[in-house]
1. To the nearest 20 Debye, how big is the dipole of the chain about its Cα centre, given +1 on the beta carbon of each Lys and Arg and -1 on that of each Asp and Glu?
2. Any idea what log10 I(q)/I(0) is at q = 0.18, 0.22, 0.24 Å⁻¹ for segment 322-407, Debye with uniform C-alpha scatterers and no solvent?
3. Determine the dipole magnitude for segment 27-265: charges of +1 sit on the beta-carbon of Lys and Arg, -1 on that of Asp and Glu, nothing else is charged, the reference point is the Cα centre, and the result goes in debye to the nearest 20.
4. Stokes-Einstein diffusion coefficient for segment 263-366 at 25 °C in a medium of 0.890 mPa s, Rh from the Kirkwood formula over Cα pairs: what value in µm²/s?
5. Which one, ALA383, VAL309, ALA32, projects farthest toward the positive side of the charge dipole computed for the chain from Cβ point charges (K/R +1, D/E -1)?
6. Hey, what did segment 27-265 get for relative contact order, percent, Cα under 8 Å, at least 6 apart?
7. List the aspartates and glutamates whose Cα sits under 15 Å from the Cα of LYS20, skipping any in the same chain fewer than 8 residues away.
8. I'd like the antiparallel share, as a percent to the nearest 5, of DSSP beta bridges with both residues in the chain.
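Any read-out appearing in this document is the output of simple, stated calculations on the displayed coordinates, not a laboratory observation. Small disclaimer: the values here were computed from a predicted structure and weren't measured. In this analysis, Cβ positions are derived from the backbone assuming ideal geometry, glycine residues included, and neighbour counts consider all displayed protein chains.
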Amino acid sequence: MSELLALHGGRRTVPEGFIKPWPHVTEADRRAVLAVLEAARIADQQRVQAEGLAREWADYVGVKHCIPVNSGTAALHMCVAGLGIGPGDEVIVPAFTFWASAAAVLHHNAIPVFVDIDPRTYCIDPALIEAAVTDRTRAVMPVHIHGMPADMDPILEIAARHGLAVIEDVAQAHGARYKGRLCGSMGDAAGYSTQATKTLSSGCQGGLFTTDDDEVHERAALLQYFGERVVPGRERQDQQYNAQGLGWMYRGDMLSQAFVRSQLKRLDENNALRAMNCRFLTDHLSDVPGIQTPFVPDECEHVYYNYVVGFDPAPLGLEVSPRALRERVQAALEAEGVPVGQWQRRSVPAQDVFQRRVGYGGGCPWVCRASEVTYNIEDYAHANAFLDAHCYVFDVNPPNGLELMGMYVEAFRKVMAGLDQLLD
Ligand SMILES: Cc1ncc(COP(=O)(O)O)c(C=O)c1O
């Protein structure tokens, strides 16, 4: 007889209130934000914090330019625009990502072309990129999904051969490394999110744009502030009220920038602690029949923005779909107090915006240059299979540690041993 699952009234494995939230706010973080409020002239802090964060993040990544902005989506849009990508141009994006990666392309009237993912890493499959290149392709956007670096060398090689730019979506992978190189430092430009849940968190919303290229930086800087080039806090002195081109209002705010700067001091330490937690989960779950733990190639330093678990009924001899197994185990784990859940529910090309081609109206951007791009949901078999068979284990962040991870393992083992209580 298996132990009675919490779902059926048994003992809950993770006690209520045991999990500590992310981001962990320290006394140093509080002092950093308070210092902004207590400055002699608070308005000066716009420049102080924006310039401070720009310098510190550019130094961290090892690139020449950084512009702090108000979201990761804004940063990615600045990459697209900064690289001179325009109406009807095509940008290759993985079929599995948060749709903001593709939205950044649409924002500049360009057209996302989707490519399936590698079923082992869930990042774009480099082997499928070349078949998606047309004479309209201008860039490829690898997404370092869940904190796992995309396989950059073949991507850079294909891009170089076809004269394409590479935009890295690093929304989920601050500090992750591929063959020792930091994510965000390998392509032509990169966008990062500092939204609350991210590995580098503002506690609210924010983003960072980086590039090594002076021209790309200049174009992106104009786009970021109404089409003008103005140092934050120096509007009265600098602003000419003469837009040099279409611009947006993507500027970041000083309080969240002060918080991010303080969190940045602990980024590597927090990444190492999260990776330790996740490696513990892998070490203790990989031998559980029916469970698939993340695969990490030797050349990658994964920062585990999300810990992803797959479900496979085959080794259990069960005649249920991976999705049915996943849904039942997920419900039982939740009852045990393990914060598990879904993230994306469908691939990006399967979302209404692409199925119905709802852009700027009047068919734009697809009609701009009579685009022949198609969005067939079945073309992305690995993305679809991933969505069916995987769930996320949340709250693997520090200061949660191995005691909590041990409880997660106990709950997984209990639920997988009690499948007779879940399946008819
Ligand atoms: C892969 C990916 N790209 C882009 C974004 C957009 O970032 P933001 O929400 O800061 O606009 C996110 C945010 O969750 C993301 O996960």
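1. Values: 37 positive and 53 negative charges, 226 e Å.
For the chain, the charge dipole is close to 1080 debye.
2. Relative scattering, expressed as log10 I(q)/I(0), comes to -0.85, -1.04, -1.14.
3. Working: 21 positive and 29 negative charges, 143 e Å.
Dipole magnitude for segment 27-265 comes out near 680 debye.
4. On the way: Rh = 17.1 Å.
Approximately 144 µm²/s, per Stokes-Einstein.
5. ALA32
6. On the way: 533 pairs, mean separation 62.0, N = 239.
Across segment 27-265, relative contact order equals 26 percent.
7. Filter leaves ASP395, GLU403.
8. Working: 26 of 40 bridges.
In the chain, DSSP labels about 65 percent of beta bridges as antiparallel.
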